[in-house]
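Laboratory data are not the source of any read-out in this text; all were calculated from the coordinates shown. Just so you know, these numbers come straight off a predicted model, no measurement behind them. FYI the Cβ positions are ideal-geometry reconstructions off the backbone, even for glycines, and counts take in every protein chain you see.
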Amino acid sequence: MSRMLMDNGLALSPQMGWNSWNHFQCNINETLIKQTADAMVSSDLAAKGYKYINIDDCWGELNRDSKGNLVAKASTFPSGIKALADYVHSKGLKLGIYSDAGTLTCSQTMPGSLGHEEQDAKTFASWGIDYLKYDNCGNTGTSPRERYPKMSKALLNSGRSIFFSLCEWGVEDPATWAGAIGNSWRTTGDIEDKWSSMTTIADLNDQWASYARPGSWNDPDMLEVGNGGMTKEEYRSHFSIWALAKAPLLIGCDLRSMDKGTFELLSNKEVISVNQDKLGIQGKKVKKEGDLEVWAGPLSKKRVAVILWNRGSVPANITARWADLGLDSSVTVNARDLWEHLTHPSIKTQLSALVEPHACKMYTLTRSKA
Ligand code: GAL
């Protein structure tokens, strides 16, 4: 299947960064954004690949200025967005912003860009914005397929390379059309910081796996890791599945007060490298026996990424047979455990492990001999 991609050269691997919404909702201001950029660098997460600092809803005044331009909210962003972009860029990071393909954003506290696409894209470019998340509230009942391409075109004409993240909540099967106009598209409604939401969203997103490719990705929504509503093993599963599914890795917790366990999950280079692998094929659920699942996908250099995921409430053995993984039965592999940081050499025919409830094991399999 050939398909045109949005021609901005971005998103060769899924985007990595942070977004304000999951933890802060509308309680945001320029100090928070600057401190988050500082924390991204000082925590070393920037060096692991997280580069976008994305402001979500509620950054603007309800009314445009006399020329119809969007205006940063004076009480919370008094220095303006350009100054913030300069600050974030000085840290070696990129700044993202949020608007909406309707009359008002979802918070209803600021205008959307419907009918102002060219003007707003130029404003964002003039501020030095690198990324736009584009929501779907106040949409007057017309199809996203009418409204989103206008902003895509406006961004391409803005004079700046701006990542385009569509957020129409999966309502019109965006996987089937959004790759031509954007770099990622939400496939679901909003994630909540709980196991049932995270697992439901993982499954909904999975059905669109074949549409992901370098330049354009399925987006099952931002990470909840570190926000407190799930256990460490549940967050490990969340992060592992998002990484394997080539989902955007957009951190949604307060980076300024992140604990050691949260950092340990978010900073795992081996898991991140599965997400960022240059082959860019979305891993998916390949086997399900009740609550016991195997998720897998190909990586570059003929490697295979595998997750053994126990979604049930008792410890269980989970087995991935080579046939489940698309491997020839004669193949011998080294299995690198990406969370234990150990290699199990010379494994034949199947990979098995005891997996705790709501936990997962994640591996990269490398063929030992041709
Ligand atoms: C929702 C969107 C969320 C967040 C929120 C802001 O529509 O899915 O991710 O952006 O609006 O109001």
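Miscellaneous remarks
- Test for S43: is it among the hydroxyl-bearing types (S, T, Y), away from the ligand (no atom under 16 Å from the Cβ), farther than 14 Å from D130 by Cα and in contact (Cβ under 8 Å) with a residue 60 or more places away in the chain: yes
- Selection status of R256, basic (K, R) and within 24 Å of S184 (Cβ to Cβ): no
To keep it simple, each residue is scored yes or no on (1) aromatic (F, W, Y); (2) without any contact (Cβ under 8 Å) to a residue 12 or more places away in the chain; (3) part of a loop (DSSP other than H, G, I, E, B); (4) within 16 Å of the ligand (Cβ to nearest atom).
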position	(1), (2), (3), (4)
L5	no, no, yes, no
L12	no, no, yes, no
D38	no, no, no, no
C58	no, no, yes, yes
R64	no, no, yes, no
N69	no, no, yes, no
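- Verdict on H23 being away from the ligand (no atom under 16 Å from the Cβ), of a type outside the set (A, V, I, L, M) and touching a residue at least 12 places away in the same chain (Cβ under 8 Å): no
- In region 157-181, the residues that are under 14 Å from L204 (Cα atoms) and either more than 12 Å from the ligand (Cβ to nearest atom) or more than 16 Å from the chain's Cα centre (by Cα) (or both): V171, E172, D173, P174, A175
- S184 fulfils the conditions (1) surrounded by 24 or more Cβ atoms within 10 Å (Cβ to Cβ); (2) more than 16 Å from the ligand (Cβ to nearest atom); (3) of a type in the set (S, T, N, Q); (4) closer than 30 Å to D86 by Cβ except for a single criterion, (2).
Conditions tested, residue by residue: (1) within 27 Å of S43 (Cα to Cα); (2) buried (at least 16 other Cβ atoms within 10 Å of the Cβ); (3) more than 16 Å from the ligand (Cβ to nearest atom).
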site	(1), (2), (3)
K94	yes, yes, yes
G102	no, yes, no
T105	no, yes, no
L114	no, yes, no
E117	no, yes, yes
T142	no, no, yes
K150	no, yes, yes
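- Selection status of K133, among the charged types (D, E, K, R), under 23 Å from the mean Cα position of the chain (by Cα) and farther than 25 Å from A180 by Cβ: no
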